[in-house]
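First the structure, in the form of structure tokens, and then the observations on it.
A short reminder: the numbers here are calculations on the coordinates, not readings from a lab. Keep in mind that what you see is a predicted model, and the values were worked out from it rather than measured. No Cβ is skipped: glycine too gets one built from the backbone with ideal geometry, and neighbour counts run over all protein chains shown.
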Amino acid sequence: MFKLLAKIPGALMVVPLLLGALVNTLFPQVLDIGSFTTALFKNGAPVLIGLFFVCMGSQIKVKAALPALEKGLALLIGKYAAAVLVGLSVAFLTPDGTFWGLIPLAVIAAMGNSNGALYVALTSEFGNKTDKGAISVLSLNDGPFLTLIALGVAGLADFPLMALVAVVGPIVFGFILGNMSPTVRDFLGPGERLIIPFAAFALGSGINFSVLMSSGSAGVLLGVLTVVVSGGLAILAIYIWHLLRRHPKPTRNVISGACESTTAGNAIATPAAVAAVDPSFLAVQDAATVQVAAAVVVTAMVSPFLVMLVSKWQLKRGVFPALEDELYLSGEKEETPTAAIKPVTPAS
């Protein structure tokens, strides 16, 4: 069964979510028998998500090489800009605050978050060391923090300061623990994957399949927009960074931008986290959760094709990820003449 699930994009989060919704739709009384069953499988989402945030925060590392940090920051800004631009456009420029069923909360949560595991896998195959190293900064878009900031600054939500601190508190706590001790980081690391299916089932147990039917198609659209818009702006951000750093043309590798065109499974928990801070979002929490879940699946299926296209596009133009690594390793300055860099075909 696990081998079969491994073939489904975002299965660890999506499948339990769907199972929870199925049980809640067909046999809701099963989850209401009380004691530990109800506490874990129906009412356990806040505790499980909080513990998940602790484990997730522990994996965010402070130390990384300067080029990887700069690249990660550029990617983070590009992807977050896409999320805010599209999300707030839907909120303020459409008559009813939605676009073809898309909810601003779902848009910002899905487009502002990225699948770290898929990013590392894709950059390992198509990118270079600095592409992979950028994950240390990109981990900052995990969780609800950036979504809360965008909604709060735009005036779409009312977040008291302490409520915001309460949401990001577990992430900060995990971050401190993980960076104080590699042993603690290693101990908490497996908790991320262990907790996800239980938290997803608890979230799904509050969803009826009628919501899935009505919001699923909008989620597919959200997934496509995430790949095209957030991936596009991330690519643009990396290219601008190369220009500002005056990197030679053969080293202007933008693969990492395409690899950042995904939505992470943990983003499915963001609507619930936002609604916990501002109850006015409870009315759209279920629909937003479903839309983000659909975006997770769609981006996981489509993003690798975008990465392959971008890889072929830049290889045809003489841009090689391996040359970018050589630029940093050789200690050459950004003003190194283009002619001094010999194209090297990367290993297949």
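A few points about this structure:
- Debye intensity ratio I(q)/I(0), log10, the stretch 188-291, q values 0.10, 0.22 Å⁻¹ (C-alpha model): -0.43, -1.13
- Mean Cβ neighbour count within 10 Å, used as a protection proxy, ranking 174-180, 307-313 highest first: 174-180, 307-313
- The residue 243 and residue 183 beta-carbon pair, evaluated with R₀ = 51 Å, returns a calculated FRET efficiency of approximately 0.75.
- Selection of trypsin sites (Lys or Arg not before Pro), the stretch 176-281, meeting DSSP coil and at most 12 other Cβ within 10 Å: 246
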